[in-house]
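The values are calculated or read from the model by the stated rules, or taken from the named source; none is laboratory data. On a predicted model such as this, the values are computed, not experimentally measured, just so you know. FYI the Cβ positions are ideal-geometry reconstructions off the backbone, even for glycines, and counts take in every protein chain you see.
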């Protein structure tokens, strides 16, 4: 039973329509002590964010319906203090530039390195600068 002084784990929301990738991300982050929620698309992710605020969002770019760049704009406008890490197979410089301009904290390419994921999540949650290696 939690005491009044128990600190709740940081909450991470993953928006990715690739269930295998999202499940791996969830398992890795839960193992690191985070509370994690998965959603399979942008609309569902924004609904989850309205229901319960996240400390961090991991966001795929290519999703059916509302794509990740559209979702990023909504998050940046409505929740500017919530860092967003784009996790995607896209390497398009235009998309990367648009995401960073629109408020993405970082861009991680798939397949991603688990150690790098841990570093960028930690940096984002602690509001430290991060540069992809």
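Brief remarks follow.
- Extreme residue, nearest to residue 51 (Cα to Cα), among residues of the range 1-18 that are out of contact with any strand residue (DSSP E or B) (no Cβ under 8 Å at 6 or more places or on another chain) and at pLDDT 90 or above: 17
- Flag if residue 38 is in contact (Cβ under 8 Å) with a residue 24 or more places away in the chain, farther than 22 Å from residue 127 by Cβ and in contact with a strand residue (DSSP E or B) (Cβ under 6 Å, 6 or more places away or on another chain): yes
- In the set 81, 77, only one residue is part of a helix (DSSP H, G or I), farther than 26 Å from residue 20 by Cα, out of contact with any strand residue (DSSP E or B) (no Cβ under 6 Å at 6 or more places or on another chain) and at pLDDT 90 or above; that residue is 77.
- Sole exception among (1) touching a residue at least 24 places away in the same chain (Cβ under 8 Å); (2) surrounded by fewer than 16 Cβ atoms within 10 Å (Cβ to Cβ); (3) more than 13 Å from the chain's Cα centre (by Cα) for residue 67, by number: (2)
- Single match in 26, 51 (criterion: over 14 Å from the mean Cα position of the chain (by Cα) and without any contact (Cβ under 8 Å) to a residue 24 or more places away in the chain): 51
- Set 48, 89: member being touching a strand residue (DSSP E or B) at 6+ places or on another chain (Cβ under 6 Å) and either at negative phi or surrounded by 15 or more Cβ atoms within 10 Å (Cβ to Cβ) (or both): 48
- Just one of the numbered conditions (1) touching a helix residue (DSSP H, G or I) at 6+ places or on another chain (Cβ under 8 Å); (2) at pLDDT below 95; (3) assigned to a loop (DSSP other than H, G, I, E, B) is not true of residue 131: (1).
- Residue identified as buried (at least 20 other Cβ atoms within 10 Å of the Cβ), in contact with a strand residue (DSSP E or B) (Cβ under 9 Å, 6 or more places away or on another chain) and modelled with pLDDT under 95 among 99, 54, 95: 99
- Residue in the range 115-127 that is closer than 22 Å to residue 17 by Cα and out of contact with any strand residue (DSSP E or B) (no Cβ under 9 Å at 6 or more places or on another chain) present: yes
- Flag for residue 33 being without any contact (Cβ under 8 Å) to a residue 60 or more places away in the chain and at positive phi: yes
- Looking across the range 19-36 at every residue that is surrounded by fewer than 17 Cβ atoms within 10 Å (Cβ to Cβ) and not in a helix (DSSP H, G or I), the one that is modelled with the highest pLDDT is identified as 35.
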